[in-house]
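No lab work stands behind these numbers, since they all come straight from the coordinates. Small disclaimer: the values here were computed from a predicted structure and weren't measured. Cβ placement follows ideal geometry from the backbone for every residue including glycine, while neighbour counts extend to all protein chains displayed.
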Amino acid sequence: MPRERGERPDLVPILGQLRSYRRAWLRGDLIAGVTVAALIVPKNLGYAGIAGIPLQNGLYAAAAGAILYAIFGTSRQISMGPSSGLAAVAASAVLAAGITGEQDVASFVAGITLASGILFLLLAVFRMGWIAQFLSRAVVTGFLFGAAIDVVIGELPKLTGTETSGANPIQELWSWFGTLNDAHRTTVLVGAVSLVVVFGLRAIAPRVPGALVLVVGGLLASALLGLQAKGVAVVGEVPRGLPLPRLPNGPLLWDHAGTVALAAVALVMIGFSQTAGDARTFAARHRYRIDINQESVAQSAANIGAGLFQGMPVSTSLSASSLNDRSGARTGLASLTSGVTVLLTLLILAPLFSILPKAVLGALIIEAVVSGMMDVPEMRRLFRVKKVDFWIAIVALLATLVFGVLAGVIIGIGLSLAWLVSVATHPEMPALARERGTQVFREVDSHPDDELLPDVAVVRFDGGLFFATADALEDHLRDLIQANPGLTGIVLDCGGVNFVDAQGAATLADVVTLTRDAGVHLRFTRLKPGPRAVLDKDGVIALIGADHIHGNIHRAVEAERSAAGGRSATDDA
C-alpha cells in the first residue's frame, strides 16, 4: 500500500529491510536472484541489440539497475533493468540524431540514460510524478505495439543474412522482401529453428526460460557445427570485465540536445508509469508500503548508474518481477543477488557470447518484443470497452510506424493531452426523469420510460465547474430554454460538482440572469459545501436566493411546482 502522508520515508529503504530481516527469507531471496539473472542475461543481450549498442553494455545496465534499485527502491519484488520498449525509444533517438559508429551510439545512449535519470531526480525533488499520468494506457498500448512492429521488421535481415534500407519500417519491409532471393540458406535455417524454439517453449512450457535455452543452444550449435565458418554472422567480440564509470560524450549530446531532451521525457513517462504500477501491485499483494516519490529516486539512481557505466535506459520488467516474486523474493536482497550474478557473468562468461549467431539474437529480440510489447488482448479490450480509446491506440501505433518510435511517443503525449482537454471541456449533462410512482430521478437515456416533467427540466452537471466547462453549461441551459417554450423551472443537480473556480461562479451568476430574463426559475440541488462556499463568496447564493437551494431533486421539483402554482393563481387574480 502507498505510504501514508506525513510518514517519513527512508532515503535508503534497503537498510530498513535488512534491520527487520528474517533468516528464513535468505534462501528464497538468493534463489530468486539467481533465477531472475538466468532470465535477464540473455534478454538483455537482445535489448542491447535493439538499442544498437555493444551487447555487454546491456549487461552493464542490468547490473547497475538491479543493484541501485535494490538499495533505493521501496518495492521488494521489482526487478529493474533494460526493457524492449525503452530500448526501442533509445534506438529511435539514435536514428533521429543520425549517429553512426558503435562507440558514438553507445555514448549517446548512455547520455540519454543519464539525462532520464536526472529528470527522474527532478520529479522526485519537486514531487511531480503525476506528470507520467498524461500518457494514457491506450496511447502506451498503441505506441508499444507500433514500436514492436518496427523492431521486428528491423530484425528480419538477421534471420536471412541480408541487408535492407528504408526511411521507415514500411520501406524497410518492402526492401527486405526484395532481398529474399539473396538469403543465406544456413542463416535462414538457424533463424527458423531459433524462432520455433523460443516461441514453441513459450506456448508449450511457459515456465521454461526460453531465452536462456535459445542462447545456450545457439552457442552450442555455433561451436559444434562451426556456423561462423559456414557463413553465419556472429555477434563478435564480447570482452570480459567490468566497466569503469565514464561521462558520455558531452559535445555529441550538446549537438543533439533536442533529441536528448525528447528521448529523456519519453523514457521517464514510460518508465515511471510501468514501475509505479508494478510496485503498487506487489505491495498490495504482500501488504507492505511503498513510497511513490522514493520510487522516482530509485529510478533516478538506477538510470544515472546505468548511464555512468555505459549502459542503457532501465525500468521495471513485469516478467522478471513476476518471476522474482514466484521464486520467493521477500526483500531487495533478491535484486542485489541478480545484479551480482550479472557482474559475475561479465567477469567469467562474457567471451562465450562472441560466437552467438546474429540470427539467434534476432529471434531472441523478436520474441521479446512480440511477447512484451504486442498486447493483443488489451487492444481487444479497448475495442470492446471504449472504441475511442482503441482508435487512439491505433493512431499512436500508425504514428510510431510512419514517423518513428520517438516521434510516436511525442504524438502519443499530444493525443493524451488532446483527449484530456476534450473530456474536460465536454462535461456530461444528462437530463433526468422521475421513476414512476417514486421520488427517484434517473437518466432519461438509460430509462426512457421514466416520467419527463413538461414544465420543469432536471439536469445533472458531472464534473468541476471551471474555466474550461463553464461556457458549456451556459450554452446547454440556453439551448434547453429555447427548445422548451413551456418551461417554468430548471433544477440543476450539482451532486457531481466537486469544485468551482472564479470563472465558474461568474458563469453561474450569468446563468441566473439568463433564466430570469427568460421567465424560468433556476434551482440548485445537492450543492456540496466546497462549491457552495465559493458561490457564497461571489454573491451567487444571494443572487439566486437561499430558498432556491435544496437537499434533493424531489424537493426542488416540488418547490418549483408549488411556486409556479402560486404564480399562476396570482396571475389569474
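Annotations
- Estimated purely from DSSP H runs of n ≥ 4, each contributing -39500 (n - 2.57), the mean residue ellipticity at 222 nm for the chain is -21000 deg cm²/dmol once divided by its residues.
- Karplus-derived HN-Hα couplings along segment 435-447 (A = 6.51, B = -1.76, C = 1.60, θ = phi - 60°), whole Hz, x at Gly and Pro: 5, 4, x, 10, 9, 8, 10, 10, 5, 5, 4, 8, 9
- Rel. contact order, % - alpha carbon contacts under 8 angstrom, at least six apart, the chain: 24
- Each residue, Leu344 and Asp475, gets one label point 7 Å from its Cα in the Cβ direction; the gap between the two is 6.7 nm.
- Rounded to the nearest 10 degrees, the inclination of helix 376-385 to the longest alpha-carbon principal axis of the chain is 10 degrees.
- Selection of trypsin sites (Lys or Arg not before Pro), segment 402-481, meeting DSSP coil and at most 13 other Cβ within 10 Å: Arg436
- Subtracting the Cα-Cα distance of Ala509 and Ala564 from 0.36 nm times their residue separation leaves 17.6 nm of extension gain.
- Qualifying lysines (Cα of each under 29 Å from Cα of Lys537; at least 8 residues distant if same chain): Lys528
- When DSSP beta bridges are restricted to pairs lying wholly in the chain, around 40% turn out antiparallel.
- Among the chymotrypsin sites (Phe, Trp or Tyr not before Pro) in segment 385-463, none is located in a DSSP loop while being surrounded by at most 15 other Cβ atoms within 10 Å of its own Cβ.
- GluC sites (Glu not before Pro) within segment 149-202, DSSP loop, no more than 10 other Cβ atoms inside 10 Å: Glu163
- Diagonalising the gyration tensor over the Cα atoms of segment 431-572 and scaling each eigenvalue by 5 before taking the square root yields semi-axes of 23, 18, 15 Å, largest first.
- Full extension of the chain segment joining Val421 with Ala261 gains 55.1 nm, where the gain is 0.36 nm per residue of separation less the Cα-Cα distance.
- Once C-alpha pairs closer than 8 Å and six or more residues apart are averaged by separation and normalised to the residue number of segment 252-325, the relative contact order reads 31 percent.
- Once C-alpha pairs closer than 8 Å and six or more residues apart are averaged by separation and normalised to the residue number of segment 431-572, the relative contact order reads 22 percent.
- Rounded to 5, percent antiparallel among DSSP beta bridges of segment 431-572: 30
- Under a 5 Å amide H cut-off, with hydrogens placed 1.01 Å from N, Ser315 pairs with Gly81, Ser83 among residues at least 5 apart or on other chains.
- Acute angle (nearest 10 degrees) that the helix 169-178 long axis makes with the longest principal axis of the chain, alpha-carbon atoms: 40
- D (Stokes-Einstein, µm²/s), Kirkwood Cα radius, the chain, 0.692 mPa s at 37 °C: 122
- Applying the Karplus relation 6.51 cos²θ - 1.76 cosθ + 1.60 with θ = phi - 60° to segment 454-461 yields 3J(HN,Hα) values of x, 10, 10, 9, 10, 10, 9, 9 Hz, where x marks Gly and Pro.
- Long-range amide H partners of Val497 with built H, under 5 Å: Gly463
- In this calculation the C-beta distance from Ser446 to Ala167 is compared with R0 = 56 Å, giving a FRET efficiency of 0.65.
- On Cα atoms only, tilt of 292-308 relative to the major axis of the chain in degrees: 30
- Taking amide H as placed 1.01 Å from N in the peptide plane, the amide H of Gln310 sits under 5 Å from that of Arg246, each at least 5 places away or on another chain.
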